[in-house]
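Data first, discussion second: the structure below is written as structure tokens.
The values are calculated or read from the model by the stated rules, or taken from the named source; none is laboratory data. What you see is a predicted model; the values in this text were computed from it and never measured. Using ideal geometry, Cβ is built from the backbone for each residue, glycine included, and neighbour counts are taken over all protein chains shown. Please note that ligands, DNA and RNA were not included when accessible areas were found on the heavy atoms of the full protein model with its side chains. Shrake-Rupley method; radii C 1.70, N 1.55, O 1.52, S 1.80 Å.
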Amino acid sequence: MRLTKLGHSCVRIEHDGVTVVIDPGAFTEPDAADGVHAVLITHEHPDHYDADRLRRCDAPVFTIAAVADRIRDDAPDLAERVTVVAPGQAWEVGGLPVRAVGEKHAVIHPDLPHFDNSGYLLEAGDTTVFHPGDALTEHPSVPVDVLLAPVCAPWMKAAEGIDYARSVGAARNVAIHDRVYSDVGLAIADTHFGRILGAAGLDYVRLPDGADLPR
């Protein structure tokens, strides 16, 4: 399994000749979706969904109904490539098992709409990878080997992200959702995540854009 960080919440996962990209949004490398076999989108916010990046490939797009509605409105040329998935639904991309996990985005503020959100669990051979999107509440029903762990957002504090990662208990935790803080703020978050998860026997790393998770 090859896992590549491509900016903010976007990762590419390659296994056995199949490549999937999750959340190629506006903070993502422009070529994040080039050449992939499928795109997964967790929710409609522009840091996770960007129509121009989807236009750079011809792969099917798997996402929730709210994102499909947004695509029909602002990128109707992409609509025929979209498959809507529901919470708990399982399917395969070229033999790579995928399952949708969860229904709601974390609450940003009580005065704002409560958006829909789906995490995705992928099984790459004997490695399970979980991307929760913008939520810290839902857990897959199977053990997770690699958690893509949000580290900073307007809807969370570091302690919440650390406690969520610790509760999932993945042996390896890869930082995502990391374009919100300054470099100084990220250094502080990385120190806390690394120290506390490390004390629980869990590995934590924040990869530079374009870097692969070491095997």
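In table form, for the structure just shown:
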item: Failed criterion for E138 (all others in (1) under 24 Å from A189 (Cα atoms); (2) in contact with a helix residue (DSSP H, G or I) (Cβ under 7 Å, 6 or more places away or on another chain); (3) acidic (D, E) hold); result: (2)
item: Failed item, numbered, when A51 is tested on (1) modelled with pLDDT of 95 or more; (2) open to solvent by 10 Å² or more (accessible area, probe 1.4 Å); (3) out of contact with any Leu (no Cβ under 9 Å at 6 or more places or on another chain); result: (3)
item: Top-ranked residue in segment 15-42 [being touching a residue at least 40 places away in the same chain (Cβ under 8 Å) and among the acidic types (D, E); ranked as surrounded by the fewest Cβ atoms within 10 Å (Cβ to Cβ)]; result: D16
item: Pairs where the first residue, in segment 145-162, is touching a residue at least 24 places away in the same chain (Cβ under 8 Å) and the second is of a type in the set (F, W, Y) and part of a loop (DSSP other than H, G, I, E, B), C-beta under 9 Å, 6+ apart; result: V151/Y181; C152/Y181
item: Residue in segment 149-167 that is touching a Pro at 6+ places or on another chain (Cβ under 7 Å), at positive phi, open to solvent by less than 10 Å² (accessible area, probe 1.4 Å) and not in a strand (DSSP E or B) present; result: no
item: Lone qualifier among E138, E123 - being outside any strand (DSSP E or B), free of Cβ contacts under 8 Å to residues at least 60 places away in the same chain, touching a strand residue (DSSP E or B) at 6+ places or on another chain (Cβ under 6 Å) and open to solvent by 60 Å² or more (accessible area, probe 1.4 Å); result: E138
item: Pair list, Cβ < 6 Å and 6+ apart or interchain, from segment 2-13 residues that are closer than 20 Å to L186 by Cβ and at pLDDT 95 or above to residues that are charged (D, E, K, R) and assigned to a loop (DSSP other than H, G, I, E, B); result: L6/E29; H8/D47; H8/R179; S9/D23; C10/D23
item: Odd one out for R179, checked against (1) of a type outside the set (D, E); (2) touching a residue at least 12 places away in the same chain (Cβ under 8 Å); (3) over 16 Å from L207 (Cα atoms); (4) outside any strand (DSSP E or B); result: (3)
item: Flag for R172 being in contact with a strand residue (DSSP E or B) (Cβ under 7 Å, 6 or more places away or on another chain), charged (D, E, K, R) and modelled with pLDDT of 95 or more; result: yes
item: Selected residue (criterion: farthest from the chain's Cα centre (by Cα)) from residues of segment 199-215 that are open to solvent by 40 Å² or more (accessible area, probe 1.4 Å) and among the small types (G, A, S); result: A199
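Condition check ((1) of a type in the set (S, T, N, Q); (2) open to solvent by 70 Å² or more (accessible area, probe 1.4 Å); (3) more than 18 Å from the chain's Cα centre (by Cα)) across all residues:
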position: E44; (1), (2), (3): no, no, no
position: A65; (1), (2), (3): no, no, no
position: D77; (1), (2), (3): no, yes, yes
position: G88; (1), (2), (3): no, no, no
position: W91; (1), (2), (3): no, no, no
position: E103; (1), (2), (3): no, yes, no
position: H109; (1), (2), (3): no, yes, yes
